[in-house]
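Here's the structure we're looking at; comments come further down.
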Amino acid sequence: MVMMDAKYFKPIEDPRSDSSVTARITRYLEDNLAAADLRTLSRVFHYSPAYISRRYREVSGHSLSSTLLKLRMKRALVLMKKTGFTLEQIAPMVGYNDKGTFHRAFRRAFGTTPREYQKLSKRG
């Protein structure tokens, strides 16, 4: 009797399928936080901005902007905890052109300013 291992019989995903495109877009966002925007995604993936935005939301259940904000804040937290970079240096690394915009986005996401977060995380 021959035993079949299920891992060899997983369906091969079509690289053009919606879930594959969504996964590739998410990976692109993770790798290119500083320069990621809808226009760039449109150029890279060869779809219209409206199509990318609509399909991403339909497949993932999240908007591109909320996903991008989540990824940026996650990266900012890592940089704040594990590096000696200043907030002025971190802001452009995660896609914000100025410190003020970064501060507002951080405050909306976490209910505190980046500086307050740094103080609290150093205490605990």
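If only residues of the range 1-33 that are of a type in the set (Gly, Ala, Ser) and loosely packed, with under 14 Cβ neighbours inside 10 Å are counted, the one that is modelled with the highest pLDDT is SER20.
Within the range 86-112, which residues are part of a loop (DSSP other than H, G, I, E, B), among the small types (Gly, Ala, Ser) and farther than 17 Å from LEU68 by Cβ? Passing the criteria: only GLY111.
Looking at the range 46-80, which of its residues are of a type in the set (D, E, K, R) and closer than 19 Å to GLY95 by Cα? Residues satisfying the conditions are LYS70, ARG72, LYS74, ARG75. Pairs are defined by a Cβ separation below 6 Å, a sequence spacing of at least 6 or placement on different chains, a first member in the range 66-88 that is within 17 Å of LEU120 (Cβ to Cβ), and a second member that is part of a helix (DSSP H, G or I) and aromatic (Phe, Trp, Tyr); no pair meets this definition. Taking ARG115, is it in a helix (DSSP H, G or I), over 16 Å from ASN32 (Cβ atoms) and basic (Lys, Arg)? Considered against the rule, which asks whether it is in a helix (DSSP H, G or I), over 16 Å from ASN32 (Cβ atoms) and basic (Lys, Arg), ARG115 comes out as yes. Residues in the range 77-103 that are surrounded by 13 or more Cβ atoms within 10 Å (Cβ to Cβ) and either within 18 Å of the chain's Cα centre (by Cα) or among the small types (Gly, Ala, Ser) (or both): 12 in all.
The values are calculated or read from the model by the stated rules, or taken from the named source; none is laboratory data. Nothing here was measured: the structure is a model prediction, and the numbers come from that model. Reconstructed Cβ throughout: ideal geometry from the backbone, glycine too, with neighbour counts over all protein chains shown.
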